[in-house]
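Undergrad: Please see the structure below; I have some questions.
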Amino acid sequence: MTVGEPIHSQLRINSYGSYLRRRFGCRVSKVNVDGGFTCPNRDGSRGTGGCIYCDNSSFSPKETQALIPVEEQMAAGMAYHRERLASDKFIVYFQKYTNTYGPVEKLADLYRRALAHPDVLGISVGTRPDSLSPAAIDLLTDLAREHYVCVELGLQSMDDAILTRINRGHTLAEYLDAVERLSGRGLEICTHLIYGFPGETRNGFLKTARLIASLPVNSVKLHQLHAVENTRLANMYRDGSWQPIGIDEYVATACDFLEELPARVTVQRLYGSAPLAIRVAPNWNLKNNQMWYAVINELRRRGSWQGCRLASEVRAA
């Protein structure tokens with residue numbers, strides 16, 4: 001691909017699934033597991049109550065519970081993806097809460113047990129920028145010498161005022177420090193972002209794409225802010241102090257973001273959903289692939305693709 005060309009004439013973005021297939025030569029799926037971790041923003045280490053939108057049951061499969069041995073969780077997830085997608089190999093995703101927040105001995109035991117399965121190519125570890133000890137990074141680096149290892153950092157917003165408002169418990173500076181400490185170690189870095197926070201503007205959010213472009217980040221996850229039961233955000237929706245963005249606004253902003261995101265960065269997610277039983281707002285009632293194609297179709301309508309604004313800048317220079 002040369003500068004100015006779409007990534008793919010139909011897809012128009014660098015999808016993570018396609019990247020994994022190219023890299024490993026087979027269909028690869030991520031299997032979620034619960035390692036029984038907590039969060040420093042809940043236990044008082046960095047804060048209490050967690051983020052205003054956080055209820056992990058909104059994005060955790062019911063088969064992933066900390067009381068179930070990780071091997072059993074993996075087996076259930078693998079069986080599901082083999083049947084649904086005919087997947088050949090797997091990446092075990094330590095998803096719930098902060099999965100580097102614990103003694104390095106616990107981390108090593110869980111990670112190595114996951115990697116011991118012959119059909120597991122690697123692990124993906126969801127964590128916070130303020131929860132990466134030198135010992136944890138050394139462990140991940142050691143594992144990456146023989147396996148695929150991705151560290152998924154929850155940034156959510158690069159605006160420190162928004163991070164404070166949503167009770168995130170860390171700063172942009174801590175995220176940048178974490179990226180610097182992870183880079184150059186054979187690890188992949190994924191950044192999680194959310195659009196639609198109270199007081200956020202589209203232009204403010206798009207600055208994050210330019211930030212990612214300047215960093216050694218390999219992939220991104222993007223989704224809309226949504227409220228679920230038993231969260232402060234749900235209360236804010238009901239008392240009128242927060243109104244969710246509309247679907248058209250989200251699709252347009254996601255496309256703007258992608259147009260400024262370098263083509264080298266893979267896209268893992270474009271939409272967040274929650275079970276109907278706990279979903280409060282917005283209630284778009286879409287499946288992940290429906291939002292995916294809504295974004296792709298908007299890029300086609302525009303005649304644009306991931307990174308095209310950067311390509312325009314190169315031509316102009």
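Undergrad: Could you pull out the residue among ARG46, ARG113, ARG145 that is within 30 Å of ARG238 (Cα to Cα) and touching a residue at least 40 places away in the same chain (Cβ under 8 Å)?
TA: Just a single option satisfies the conditions, and that option is ARG46.
Undergrad: Right, here's the next one. In this structure, is TYR101 open to solvent by 30 Å² or more (accessible area, probe 1.4 Å), among the hydroxyl-bearing types (Ser, Thr, Tyr) and outside any loop (DSSP other than H, G, I, E, B)?
TA: no
Undergrad: Residues to consider are ARG168, ARG202; find the one that is over 23 Å from VAL267 (Cα atoms), of a type in the set (D, E, K, R) and open to solvent by 10 Å² or more (accessible area, probe 1.4 Å).
TA: Among ARG168, ARG202, only ARG168 is over 23 Å from VAL267 (Cα atoms), of a type in the set (D, E, K, R) and open to solvent by 10 Å² or more (accessible area, probe 1.4 Å).
Undergrad: Let me ask another. Do you know which of the residues in region 115-130 that are farther than 19 Å from VAL220 by Cα and outside any strand (DSSP E or B) is least open to solvent (accessible area, probe 1.4 Å)?
TA: Residue satisfying both the conditions and the ranking: LEU115.
Yes/no per residue for (1) closer than 25 Å to TYR175 by Cβ; (2) among the hydrophobic types (A, V, I, L, M, F, W, C); (3) touching a residue at least 40 places away in the same chain (Cβ under 8 Å):
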residue	(1), (2), (3)
ASN218	yes, no, yes
GLU229	no, no, yes
VAL251	no, yes, yes
GLU260	yes, no, yes
GLY272	yes, no, yes
LYS287	no, no, no
GLN306	yes, no, yes
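Undergrad: Right, here's the next one. For region 279-300, enumerate the residues that are under 16 Å from ALA252 (Cα atoms), open to solvent by 20 Å² or more (accessible area, probe 1.4 Å) and of a type outside the set (Phe, Trp, Tyr).
TA: GLN290, ALA294, ASN297, GLU298, ARG300
Undergrad: While we're looking at this one, here's another question. Could you list, in sequence order, the residues of region 236-249 that are in a loop (DSSP other than H, G, I, E, B), open to solvent by 20 Å² or more (accessible area, probe 1.4 Å) and touching a residue at least 12 places away in the same chain (Cβ under 8 Å)?
TA: SER241, PRO244, ILE245, GLY246 - these are the residues of region 236-249 that are in a loop (DSSP other than H, G, I, E, B), open to solvent by 20 Å² or more (accessible area, probe 1.4 Å) and touching a residue at least 12 places away in the same chain (Cβ under 8 Å).
Undergrad: Something else: Can you find a residue in region 30-42 that is more than 22 Å from ILE194 (Cβ to Cβ), open to solvent by 30 Å² or more (accessible area, probe 1.4 Å), charged (D, E, K, R) and at pLDDT below 95?
TA: No: zero hits.
Undergrad: In region 264-278, how many are in contact with a Phe, Trp or Tyr (Cβ under 8 Å, 6 or more places away or on another chain) and either in a helix (DSSP H, G or I) or surrounded by fewer than 17 Cβ atoms within 10 Å (Cβ to Cβ) (or both)?
TA: 0
Undergrad: Looking only at region 104-114, how many residues end up being over 15 Å from ALA75 (Cβ atoms) and either touching a Cys at 6+ places or on another chain (Cβ under 7 Å) or buried (at least 20 other Cβ atoms within 10 Å of the Cβ) (or both)?
TA: Residues flagged as over 15 Å from ALA75 (Cβ atoms) and either touching a Cys at 6+ places or on another chain (Cβ under 7 Å) or buried (at least 20 other Cβ atoms within 10 Å of the Cβ) (or both) within region 104-114 amount to 3.
Undergrad: Given the conditions (1) at pLDDT below 95; (2) of a type in the set (Gly, Ala, Ser); (3) not in a helix (DSSP H, G or I), report the number of the one that SER57 does not fulfil.
TA: Condition not satisfied by SER57: (3).
The values are calculated or read from the model by the stated rules, or taken from the named source; none is laboratory data. Being a predicted model, the structure only gives us computed values, none of them experimental. Note that each Cβ is placed from the backbone with ideal geometry, even for glycine, and that neighbours are counted across all protein chains shown. Heavy atoms of the whole protein, side chains included, go into the accessibility calculation; ligands, DNA and RNA do not. Shrake-Rupley method; radii C 1.70, N 1.55, O 1.52, S 1.80 Å.
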